[in-house]
1. From the set of residues in the range 201-228 that are polar (S, T, N, Q) and either over 20 Å from the mean Cα position of the chain (by Cα) or in a loop (DSSP other than H, G, I, E, B) (or both), which is nearest to Leu116 (Cα to Cα)?
2. How many residues does the range 285-308 hold that are among the β-branched types (Val, Ile, Thr) and farther than 16 Å from Glu243 by Cα?
3. What number of residues within the range 313-328 are of a type in the set (S, T, N, Q) and buried (at least 20 other Cβ atoms within 10 Å of the Cβ)?
4. Working only within the range 229-256, note down all residues that are charged (D, E, K, R) and not in a loop (DSSP other than H, G, I, E, B).
5. Please work out if Ile390 is touching a strand residue (DSSP E or B) at 6+ places or on another chain (Cβ under 7 Å), of a type in the set (Val, Ile, Thr) and at pLDDT 85 or above.
6. Please verify whether Ala383 is at pLDDT 90 or above, part of a loop (DSSP other than H, G, I, E, B) and out of contact with any Asp or Glu (no Cβ under 8 Å at 6 or more places or on another chain), treating the condition exactly as stated.
7. Do you know which of the residues in the range 171-224 that are surrounded by 18 or more Cβ atoms within 10 Å (Cβ to Cβ) and small (Gly, Ala, Ser) is nearest to Phe96 (Cα to Cα)?
8. Just the residues that are closer than 18 Å to Leu261 by Cα and surrounded by 24 or more Cβ atoms within 10 Å (Cβ to Cβ), please, taken from the range 352-375.
Amino acid sequence: MKDLLAQCSVPRPADTQTVRELLVQVPAPTVQAIKHVIAVDGSFREAVVRDDFPSATITFFAFGPLIFSLKDLRQLDRETFIAPEDLAKLKKIQRFQLALPTRNISRAGLGLQESLRLTLHEFLARDIEGAKSLYDALHWLLFRRWTNTPGVSRTLRHCPNRDINGCERKEIVLTAETPYRSECGNCGGPIYLVDVLRLHELVDEEQGASPVTPYLLSALETLALVQVIQTLWELAKPTLLREFLFIKDGPLALFGQVFTLTDPLRDLANFLGSYRDPADQSKVLPLLNIVGLEKSGSFVEHAMHIEKSLDRELSEIRTKDSFTGVVLPLSSKYIYKYVVPGDPGGTITYGENTYWGGKMIFKAKDGSTYVATVPTFGGHKSAPKFEDYINLADVLAGVSELRCSMYDNALIPVALANRLVSLSEVPSSRILENFARGAILK
């Protein structure tokens with residue numbers, strides 16, 4: 001034990017000089033193109049349907065995008081008193097709800113894995129009034145339909161029915177022409193488009209499907225964002241995207257089984273970021289304004305450790321209208337040396353398989369500190385510079401305008417979205433359990 005502990009080390013806070021050398025002053029945009037904000041958040045709650053052995057549970061999910069106009073927010077800021085109808089302008093949200101069997105619950109005699117796959121397939125295929133289904137968004141993302149490039153495919157390594165019927169078929173290729181539900185040519189079992197997320201591989205018929213829930217929520221929140229982007233892109237005027245700031249609660253990353261969405265998300269961000277101006281094809285008009293913001297974790301703790309170093313640099317520009325704040329782009333070398341364990345001199349780039357944006361610490365002029373992720377041109381980078389991030393000045397200017405006081409360094413859209421989709425409050429856990437028991441055990 002002593003020998004092991006002698007070889008261990010922990011990341012240490014970066015010294016003031018190191019931080020100062022890496023900090024970049026963020027210029028305020030000449031014209032703020034962003035007019036609307038869309039924030040996505042979600043939550044899930046497991047409800048116990050039966051306490052007796054063997055226990056049974058079902059998990060409820062709520063998530064969705066909230067949208068409001070910066071003009072409405074600025075108007076509220078000028079009001080002496082805020083009327084309920086004025087506040088309602090900031091609470092326009094499309095709320096998705098899903099109930100998923102996660103332990104000892106089956107549908108129509110199916111096993112837990114089959115029940116989960118069928119439930120997710122039906123949920124994603126559900127028609128949404130006035131919008132495309134989440135399956136359409138997943139299909140658009142996976143097969144890069146923004147370019148209509150032929151030959152794009154996804155491959156399932158194994159038949160998703162192999163744990164059920166022992167099917168030995170491998171390398172099942174899905175294309176843009178494959179229906180959302182098809183059949184295995186070997187066993188005849190169903191193959192759903194949602195199988196590309198491989199969530200069913202985490203299901204244990206005895207232990208349950210609880211490991212699926214955090215990865216599923218992350219994928220659903222991301223698909224909700226993609227759905228809005230797809231809708232705006234397919235309108236008659238794609239440049240309308242330039243007027244929206246997309247905010248995701250948490251980093252722009254996908255972990256666990258659903259990390260397979262990372263590559264198409266990087267491709268989408270790079271495509272929109274490299275869009276040519278219709279008025280002048282020689283110029284690039286980056287259309288995508290998107291940021292992921294973290295409220296807790298190692299990076300937030302590190303930001304607190306270097307707060308004084310950030311404040312010293314910020315004091316030099318606090319009175320200048322031409323700047324929004326200061327930003328510290330985080331390279332793999334910096335992250336592995338000061339934030340999380342790893343080899344600063346190694347060849348492995350932090351987040352190379354999971355992140356579709358580059359991390360940074362942003363200190364706004366009002367004193368708020370944010371850990372943010374913003375996509376970079378050309379895909380993932382080990383040491384991103386300020387100019388590598390897509391529309392970074394506009395994005396950070398938008399973020400600095402959205403502060404609220406519900407908790408430290410909170411943003412209005414994230415706080416509102418969190419409240420509107422929180423299953424710990426609306427409805428309560430007890431209501432969900434009573435509802436599930438009444439519906440299943442009647």
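The values are calculated or read from the model by the stated rules, or taken from the named source; none is laboratory data. Just so we're clear, the structure is a prediction, and the values are computed from it rather than from any experiment. Note that each Cβ is placed from the backbone with ideal geometry, even for glycine, and that neighbours are counted across all protein chains shown.
1. First, the residues of the range 201-228 that are polar (S, T, N, Q): 207, 210, 213, 218, 222, 227.
From the residues that got through so far, the ones that are either over 20 Å from the mean Cα position of the chain (by Cα) or in a loop (DSSP other than H, G, I, E, B) (or both) too are 207, 210.
Working: Gln207: 14, Ser210: 11 Å.
Filtering the range 201-228 for residues that are polar (S, T, N, Q) and either over 20 Å from the mean Cα position of the chain (by Cα) or in a loop (DSSP other than H, G, I, E, B) (or both), the one nearest to Leu116 (Cα to Cα) comes out as Ser210.
2. 2
3. Here is the first cut: in the range 313-328, the ones of a type in the set (S, T, N, Q) are 315, 319, 322, 324.
Those still in the list that are buried (at least 20 other Cβ atoms within 10 Å of the Cβ) too: 324.
Of the residues in the range 313-328, 1 are of a type in the set (S, T, N, Q) and buried (at least 20 other Cβ atoms within 10 Å of the Cβ).
4. Arg242, Glu243, Lys248, Asp249
5. In short, yes.
6. yes
7. Selected residue: Ala224.
8. Listed by number, the residues that qualify are Tyr355, Trp356, Gly357, Gly358, Thr373, Val374, Pro375.
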